[in-house]
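So the structure is just underneath, and the comments pick up after that.
The values are calculated or read from the model by the stated rules, or taken from the named source; none is laboratory data. As the structure is a prediction and not an experimental result, all values here were calculated from the model. A quick note on method: Cβ atoms are made from the backbone with ideal geometry, for glycine too, and the neighbour counts reach across all protein chains shown.
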Amino acid sequence: MADNDPAGASARSTTTKMHSDVHIEKQAGDEGSTLRDSSVYHVDDHQPIGDSPVPKYRNSLLAVIGYLDLTNALDFPANVWNQVPVPLFAKVLMGIGGGIAILSTAFAFWDMVRAWRNNTFLRGERAHLKRKRRSRVITLVEQAWLGINERELGWEVLDSWLLDAFLAVAGILVGTGCVMAIRGNLHPVFLASNILSGYLGNSFYALYAVINTAWCFFMWRRAHACEGAVKRAEREVGAKMMTALKKHAMRHKMYAIGNGATILVSGVGSEISSTKWQGYVVLIPCVLGSIFCNYFWRYHLGYDRDSFQHRYSNDNIDVSRRLQELIEVHEALMHGSAAYVDCYSFTITY
C-alpha cells in the first residue's frame with residue numbers, strides 16, 4: 001500500500017503500528033513531513049475515523065455463558081435434601097443456590113440480545129445476496145458466501161440464542177423451585193418445588209441437548225466435507241494454505257464433538273439429578289466441558305467480519321490471495337512483530 005509524494009519524490013519509509021488500532025503512515029518529501037493514507041483504520045471497525053460505524057458480524061459470545069451449566073446445578077440442595085424437616089444448613093444452601101441460578105439468567109438474556117443483533121445482521125446480508133441471485137446468475141464467491149451465511153445463522157440461532165433461551169427458562173424454574181424448597185414442610189410448596197427443580201426445570205435443557213446433538217452432527221459432517229475438499233485441492237492451494245485450512249476444519253470438528261457430547265451428557269445428567277444425587281456427579285465433567293467449549297469458541301473459532309455488500313462489493317475477489325495475506329498477518333502476529341508483514345504486497349480494500 002504505497003502513495004506517491006505530490007512533488008514526485010519517492011517515499012522514504014513505511015511505519016506500520018499494529019496495536020488495537022492499525023496506523024498506516026507514510027513519511028515522504030524532503031521536509032520529512034508525514035503523509036497519511038486515507039488514514040487511520042480501526043481493527044474493530046474496519047472503518048476510517050470520522051465515518052459512521054458499519055454493522056458487523058461479531059464474535060459476541062459471553063464468557064459467563066460457559067458457567068450457566070454450573071449455576072443451574074446449584075439447585076442440588078433441593079434435590080439432595082429432599083426431606084421434611086429440611087436441615088438448616090440445607091435451607092441456607094437452597095437460598096444461595098436458587099438465588100444465583102435465578103440471577104444468572106440475566107447474562108443469558110444479555111447474550112440473547114447480542115446473538116439477535118448478529119441474527120439481524122446475517123438475515124439482512126442474506127436478503128441482499130438473494131436479491132442478487134434473483135436479478136442475475138450469482139458468482140461462485142457469492143454462492144459460497146450464502147453457505148457461510150447459512151452456517152453463521154445456525155451458530156447464532158442454535159448455538160447461541162436457543163441455548164440462552166433454554167438455559168434462562170431452566171434457570172428460572174430450578175432456581176424458583178430451589179428457593180421454594182426452603183418451606184418444604186408445607187406439602188403444596190413441597191410438591192411445587194419438586195416439580196420446578198426436578199423434571200420440569202431440567203426438561204428444557206434435556207430438550208435442547210437433543211436439538212444441539214443433531215446440529216453438531218450436521219456441523220461435523222460439513223467440516224469433514226470441507227477437510228476433504230482441501231485435501232483434493234492440495235496442488236492448487238499450496239502446502240502452507242492447505243495446513244491452515246485443514247487445521248481450521250479440524251477445530252470445527254473438535255468443537256462439534258466436544259460441544260455435542262458435553263450438552264448431551266449434561267441433559268441426561270440433569271434429568272437423573274431430579275431424583276438421584278448421582279446425577280450431579282455426572283454434571284461435574286459437563287460443567288468443565290462447557291467452560292472449555294465456550295473458551296475454545298471465543299478464542300479459536302469465533303471472529304468479527306464486515307458484511308458482504310460492504311467488504312466485497314466488487315466481483316473481482318481473489319480468494320486464494322486474500323487467504324494467503326491473512327496467513328502472512330497471522331504468522332507476523334505469532335512472531336510478535338509487524339516487521340514480518342510485507343506492507344507493500346498486503347492490500348486492504350475498503
Taking the residues in the range 110-162 that are outside any helix (DSSP H, G or I) and without any contact (Cβ under 8 Å) to a residue 12 or more places away in the chain as candidates, determine which candidate is surrounded by the most Cβ atoms within 10 Å (Cβ to Cβ). Ile138
Test of understanding: among Leu196, Leu167, Leu173, Leu186, which residue is at pLDDT below 90 and under 19 Å from Ser273 (Cβ atoms)? Leu196
Of the criteria (1) within 25 Å of Gly302 (Cβ to Cβ); (2) hydrophobic (A, V, I, L, M, F, W, C); (3) free of Cβ contacts under 8 Å to residues at least 40 places away in the same chain, which one Ile195 fails: (1)
Restricting the range 193-218 to residues that are among the small types (Gly, Ala, Ser) and touching a helix residue (DSSP H, G or I) at 6+ places or on another chain (Cβ under 6 Å), which is surrounded by the most Cβ atoms within 10 Å (Cβ to Cβ)? Ser197
Can you tell me which residue in the range 100-146 is farthest from Ala165 (Cα to Cα), limited to those that are among the β-branched types (Val, Ile, Thr) and touching a helix residue (DSSP H, G or I) at 6+ places or on another chain (Cβ under 7 Å)? Ile138
Would you confirm whether any residue within the range 250-260 is touching a helix residue (DSSP H, G or I) at 6+ places or on another chain (Cβ under 9 Å) and without any contact (Cβ under 8 Å) to a residue 12 or more places away in the chain? no
